[in-house]
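Since the structure comes first, as structure tokens, the remarks are kept for the end.
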Amino acid sequence: MMRFSLLRLGDAHYQLVWHSHHLLLDGWSMPILLKELFALYQDAQATLPPPHPYQEYITWLQRQDMAQVEQFWRKQLAGFTTPTSLALDNR
């Protein structure tokens, strides 16, 4: 679901091609990941802050007001009456 290709274009010129499925990297996560990647690229000695444990995210998620979350999404999706048609892979 994710593939990297490093293309050599010259003696010291390369291009990284990054393919990923939308399920892995969406519009929210891609800028975060790219920011971290570019920070590391700019400074090979750079260190990123340690990631938060996944359990912290789950705890945060459980503290959210689900009624408010539902209201938000109902407002965002108001007017949509039919499901999105998805292409199926019938191989």
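The values are calculated or read from the model by the stated rules, or taken from the named source; none is laboratory data. Everything numeric in this text was worked out from a predicted model, so none of it was measured. Methodologically, a virtual Cβ is constructed for each residue, glycine included, from the backbone with ideal geometry; neighbour enumeration extends over all protein chains shown.
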TODO: Go through region 27-47 residue by residue and tally those that are surrounded by 10 or more Cβ atoms within 10 Å (Cβ to Cβ) and part of a loop (DSSP other than H, G, I, E, B).
DONE: 1
- [ ] Return the total of residues in region 17-29 being of a type in the set (A, V, I, L, M, F, W, C) and under 15 Å from Phe4 (Cα atoms).
- [x] 4
Task: Search result, residues across region 1-37 that are under 15 Å from the mean Cα position of the chain (by Cα) and among the hydrophobic types (A, V, I, L, M, F, W, C) - done: Met1, Met2, Trp18, Leu23, Leu24, Leu25, Trp28, Met30, Ile32, Leu33, Leu34, Leu37
TODO: Quick one: in region 11-26, of everything that is aliphatic (A, V, I, L, M) and surrounded by 10 or more Cβ atoms within 10 Å (Cβ to Cβ), which residue is farthest from Leu86 (Cα to Cα)?
DONE: Leu16
TODO: Determine which member of the set Arg8, Arg3 is loosely packed, with under 10 Cβ neighbours inside 10 Å, under 30 Å from Leu86 (Cβ atoms), free of Cβ contacts under 8 Å to residues at least 24 places away in the same chain and charged (D, E, K, R).
DONE: Arg3
Open item on the list: Among the residues in region 54-68, are any over 24 Å from His22 (Cβ atoms) and either at pLDDT below 90 or touching an Asp or Glu at 6+ places or on another chain (Cβ under 9 Å) (or both)?
Closed with: no
- [ ] May I ask you to list the residues in region 48-76 that are under 20 Å from the mean Cα position of the chain (by Cα) and in a helix (DSSP H, G or I)?
- [x] Tyr54, Gln55, Glu56, Tyr57, Ile58, Trp60, Leu61, Trp73
